[in-house]
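All of the numbers you see were taken from the coordinates with simple rules; none came from a lab. Just so it is clear, the model here is predicted, and its values are computed rather than measured. In this analysis, Cβ positions are derived from the backbone assuming ideal geometry, glycine residues included, and neighbour counts consider all displayed protein chains.
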Amino acid sequence: MSNFKLCLSFSMQSWDVFFRNASAGAPPGAAYQSPPPPSMTPERLPSAQALVGTQPSVEKLVEDHLAVHSLIRAYQVNCNHTENVLSLIIVELGFCFILVSGSDTDCIYGLAESDLDKVFRLPTTTFIGGNESALPLREIICRLERAYCQHIGVEFMFINDMEQCQWIRQKFETPGVMQCTLEEKRTLLARMIQSTRFEEFLQRKWSSEKRFGLEGCESLIPALKTIIDKSSQGGVETVIMGMPHRGRLNVLANVIRKELEQIFCQFDSKLEAADEGSGDVKYHLGMYHRRMNRVSDKYITLSLVANPSHLEAVDPVVQGKTKAEQFYCGDTEGKRVMSILLHGDAAFAGQGIVYETFHLSDLPSYTTHGTIHVVVNNQIGFTTDPRVARSSPYPTDVARVVNAPIFHVNADNPEAVMYVCKVAAEWRNTFHKDVVVDLVCYRRNGHNEVDEPMFTQPLMYKRIKKQKGVLQKFVEKLIDEGVVTTQEYEEEVASYDKICEEAYTRSKDEKILHIKHWLDSPWPGFFTLEGQPRSMTCPSTGISEQALSHIGNIAASVPVEDFAIHGGLSRILKGRANMVSQRVCDWALAEYMAFGSLLKEGIHVRLSGQDVERGTFSHRHHVLHDQNTDKRMCIPMNYISPDQAPYTVCNSSLSEYAVLGFELGFAMASPNSLVLWEAQFGDFHNTAQCIIDQFISSGQAKWVRQNGIVLLLPHGMEGMGPEHSSARPERFLQMCNDDPDKLSEDFAMHQLYDCNWIVVNCSTPANYFHVLRRQILLPFRKPLIVLTPKSLLRHPEVKSSFDDMLPSTHFKRLIPDNGHAATNPEKVKRLIFCTGKIYYELTRERKNRGMEEAIAVVRIEQLSPFPFDLVKKEADHYPNADLVWCQEEHKNHGYYDYVKPRISTTIVHTSAIADSRSPLPTSTTGHNVKDHSRQRYCLSSSVNLSITNAKTKALSANP
C-alpha cells in the first residue's frame, strides 16, 4: 500500500481554523479568520482558543476528517504517477516521475495506525463508497489504491469544471466499475491475436523489411476497435483517423479492414506502380472503407488519412477533413463524425503542431467537437531518452492547456486499456471535448526492424528481451480464470494464420499496385458526368450583368435592420455602391463578385486565416460589427440568394502551420467547395512550409489526391522590410513540376491537368475574379497559389469594368500591351515581360518619359503552368524588340530564374527545330543576342537590387 505525504498550505490551515472555531460553537461571522501573510510561519498561526474555549475531542474529529479528505484528494491528484501505470523498464532506469513514498502511517496527514479502523464520512467529491456514505480508513485507502494505483492513472484535477471532474471520478472510483464481462474478454483476446499474429506473420515473411511494426504495443488494435465500437453505439457514423508510421499496416489490416493481399503485395520488390502518381512507402498510405460494425450493428465509414513521415503534420489535416464532413452532413455537434489521432510520445511532446492543433479544438469555426488522442508511448524517441527529449514529466502534458483529461494506462494490461478507451469514447460522446489515452508501452525492436537499439539503450533493451509478450501474459491470465482453454486459443491463432497465408498467396497475383485502392478521400461522381468522363474543357467564368449588379449592391449594403456600422465603413460601402453604378470594381469588390456568384450557384465558400474577416489591409469587410451591441455581427454575403450555399469567413488563431493544414483537410473532403487560406503577409507561409512541401505541392504525385485549396499571399516590395514584403514566389516556382524545355500541345487545359499546382500574380480585379471561379469550373482540382497585392488594393488604376467579367470572358493567362506600342509593333524597340504590381510602375514611368511607342509592357498573369503559346505570340508580334524581364525582387529571388529558361525555350522553338535547344548565354546589359537566323534566344535581365534601378534599366532602350 502506497502512502502519500502532503504538507498543508497556509490556505488549508486557515480552513482548519475555521472548522475548529465553528465546531467549538463560534458564530459564522466570528469563526472565519483571514489567511496568514506569507511571512507568517505555521507556529504563529492563529488558534481557535482565541475565540472560544477548547474542545479537544471535536477538534481532533475535525482534523481527522480534514486529513481523510485531503488524503482522498491526494490520490485523485497524484496517483497518475504510480509505477504500476508505467512499464517497469523505465521505472528502474529512472526515466519516470514517481511521487509515492514511505509507509509510515503515522506521518500521513497526522493519522495514526490506530485510525485505520475508524469510520469516516466520505466527501461528495468521491465515489469510492458506492452506496455507502462512510467507510473505515483502512477500506478508504484500499479502494483508493484499487481505483488509482493499479494499471490506470488519471490526470483530471486541473479541469475547472465540477461536472466533468465528478463524471471522471465516477468512472474510475465506483467499486467494480472496471470489471470486464466474459464476452468482452473473449472479444479482446481475438483482437489481441489478430494484432500480434499479423506482426509475427510480417516478420516471418519479410524479416529484413522496414515496416515499423507494433511489437510492444499490440494492445493498440483492440484499443482503437473499442473506441470505434463505443462511438458507433453512440451514433457516430464516420471516423477519420491520422497516425504516424508505427503500427500503420496493422491498423490498416485489422481496424480499417484493408485487404491483406493489397498490403502484402507491396512488399514485392518487382511491384510496378500503376495509375497516376509515384505512390509512397506502404506505411504512409491512407485508406477509405465503409463496413458493418458488429458490436453496434451499424455501418461505419473509416478513413485513415495518408501522410508523410513528418511526424505530427497530419493532425490539423485530419481535423479539417473532420470539420468538413461534419459541415456537409449538417452535424453541428459532432455526433455523427469524429476524429481519432494517434501519436508517438516523443513527437507529441516535441512537435509544436500538436499545441497548435489543440488550440483549434474549441474555436467556433474549427472545432470538431472532441478528438480522441491515442499516444503510443514507447518511452523513447528513435534513440533519444525522455529525460533529454522533453522538459515536462509526461509527453501528454501539452493536452492540459485545453483541459483535456489524460488517461495513462499500462499497455501490458489489455483489459485496463479497453476500459480506458471505453471511458474516452464516452467522454467524447458526452462532453464533445478532447481526451488523451496514453498507452504506456515499449518498442520491442528498434526504431524499425533493421535498427539496433542496443547501441544507445542497452539497459532498457536487456529488460525488453526478458519481457513476456502482452498476448502471452493475457492468455495465461484468461486460461487461469477459465475464460478460454488452451485448445480454443490455439484454434483462434490457427484460424487467423490461415487467413494471412491465403492472402499472401493471392498477393502474388497482384503485379500492379493500383493507387485508387489507397485513396483516403474519394470523390464519387466528380470525375464523371452521367457515367462518362468529364470533358477536358472549362466554360466561361464570366457571369451576367444582372448578377454582377445584384452582388455588388449586396456588398455595398447592410442587409440587417437597426444595425449600426462604423462611420468609416459607411464611406467604404458608399464607395462600393458608386463603383457598381459606374460598372467597375476594385480588388475587394471583384473578390466579392467571385465568392457571391459561386455561393449563388450552390458552391460553399470558406475563407480562413489571420484577420481575414476585415482583411489585413482593411479592404475586405466581409463581417460587419454593430457599433452598439457586443457580438452582433452581419455577413452580407449570406444574403445574396434564399437558396444560396453558406459562406464561411473566419479569423483564425495566430497560427499558419495548423490552420493551413486544417483548411487543406477541409478542401480534401469535397471538390464542390472553394476553400481559401490567406496569410496575413505572404511571407508568413514560411511557418506553414511543412504543409506546403509535404501535402500541397506533392499530394497528387504521392497519393493521386487532387485538392483545390487556394493560398492567398499578399506580396509586394513596398518598404515594409524583408519580413513583410516578399511571399517568396521563387519557392513555389521551384516546386512546380512543369518542364522548362517542353511545349505542350494544349496550353489551356492539358498544362493545368498535368501540373502539380497553379501559381498566378493577377494585376487586375477581373482576372482575380476569373481565376477564383475557374477553380470550381475546371473538371479537376489543383492547388492555386495567388500572389495578392497590397498597395494595388486601392490603386486608382486597378479597377476592372463589368465588361471584363461578363459571359464569354475568361481568365487571362497573359495580358498584352493595349497601348500605342501594340498598334505599331514594328517601332517597338523593347518588349518588357513582367508580373504583378510593377506593371503599373513601369507604365507610369514609360508615360513620364514619353516612350509609349518604343516600349511594350506585357503581363504574365499565370506563371505556372507557363503560357508558352502566348509569350511566343507576343514575341512574334514585336519583331524588332529586345526581350527583357523586369521584376522588383532581387535577381536570385522572385521569378527570374523560373521565367528565363521558359521564355528562351519559347523563342528558340520552331517547327523545324522542335528538339534543338542551344545553351542560353546570360546577359545583364539590356542588349539582346541574336544568331544568324535572326532568332532571338537570349532573355535580357532587368533585375536589380533596387526597384527604381530595375525600372530604369528596363526602360533604358534608346529607340
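Distance between the pseudo-spin-label points of ASP643 and VAL388 (7 Å out from Cα toward the beta carbon): 6.7 nm. The distance from the alpha carbon centre of the stretch 688-703 to that of the stretch 145-198 is 39 Å, rounded to a whole number. Neighbour counting of Cβ atoms within 10 Å sorts the residues ILE832, ILE300, fewest neighbours leading, into ILE300, ILE832.
Grouping the Cα pair distances of the stretch 192-241 into 10 Å bins from zero gives a pair-distance distribution of 23, 38, 27, 11, 1 percent in increasing distance order. Simple spin-label estimate for SER540 and ALA748 gives 1.3 nm between the two label positions (7 Å along the Cα-to-Cβ direction from each Cα). Would the stretch 585-651 count as rounded, prolate or oblate if I go by the C-alpha gyration tensor, calling it rounded below 1.5 in a/c and otherwise prolate when a/b exceeds b/c, oblate otherwise? In terms of gyration-tensor shape, oblate.
FRET efficiency for the pair ARG204 and LYS574, taken as 1/(1 + (r/R0)^6) with r the Cβ-Cβ distance and R0 = 51 Å, rounds to 0.10. Exposure proxy ranking for PHE527, PHE201, based on other Cβ atoms within 10 angstrom of each Cβ and starting from the fewest, stands as PHE527, PHE201. Size descriptors for the stretch 729-815, from the alpha-carbon set: Rg then Dmax equal 14.1, 39 Å.
Between LYS508 and LYS468, what FRET efficiency comes out of the Förster formula 1/(1 + (r/R0)^6) with R0 = 35 Å and r the beta carbon distance, rounded to 0.05?
On the way: r = 35 Å, r/R0 = 1.00.
Here the calculated transfer efficiency is 0.50.
Rank these for me by crowding, THR485, THR843, going from fewest to most other beta carbons within 10 Å. Present the calculation step by step, with values, prior to reporting the outcome.
On the way: THR485 11, THR843 18.
Fewest-to-most ranking of THR485, THR843: THR485, THR843.
Centroid-to-centroid, using Cα positions, the stretch 318-354 and the stretch 635-660 are 19 Å apart.
Say R0 is 45 Å: what FRET efficiency, to the nearest 0.05, do HIS890 and SER309 get from their beta-carbon distance? Write out the running numbers ahead of the final one.
Working: r = 34 Å, r/R0 = 0.76.
E(calc), rounded to 0.05, equals 0.85.
Taken one residue at a time, the phi angles of the stretch 596-605 give Karplus couplings (6.51, -1.76, 1.60, θ = phi - 60°) of x, 5, 5, 4, 5, 8, x, 9, 5, 10 Hz. Gly and Pro are set to x. Modelled spin-label separation between LYS298 and ALA494, with each label point placed 7 Å from Cα along the Cα-to-Cβ direction: 3.9 nm. Put the Cα centre of the stretch 718-791 next to the Cα centre of the stretch 813-890 and the gap is 19 Å. Extension gain for LYS477 to ARG73 (0.36 nm times residue separation, less C-alpha to C-alpha distance): 142.2 nm. Phi-derived couplings, Karplus 6.51 cos²θ - 1.76 cosθ + 1.60 at θ = phi - 60°, listed residue by residue for the stretch 360-374: 8, 5, 10, 7, x, 8, 10, 5, 10, 6, x, 10, 9, 9, 10 Hz, with x used for Gly and Pro.
Compute the Cα gyration tensor for the stretch 182-518, then decide on rounded, prolate or oblate, letting a ≥ b ≥ c be the square roots of its eigenvalues: rounded whenever a/c is under 1.5, prolate when a/b is larger than b/c in the other cases, and oblate in all that remain. It comes out rounded by the Cα gyration axes. Quick check: from the Cα gyration tensor, does the stretch 120-213 come out rounded (a/c under 1.5), prolate or oblate? Prolate, because a/c is 1.5 or more and a/b exceeds b/c.
In this model, which of LYS702/LYS799; LYS790/LYS829; LYS230/LYS477; LYS171/LYS225; LYS335/LYS473; LYS185/LYS258 are farther than 29 Å apart at the alpha-carbon?
Working: LYS702/LYS799 41 Å; LYS790/LYS829 32 Å; LYS230/LYS477 25 Å; LYS171/LYS225 20 Å; LYS335/LYS473 37 Å; LYS185/LYS258 25 Å.
Checking Cα-Cα distances, LYS702/LYS799; LYS790/LYS829; LYS335/LYS473 exceed 29 Å.
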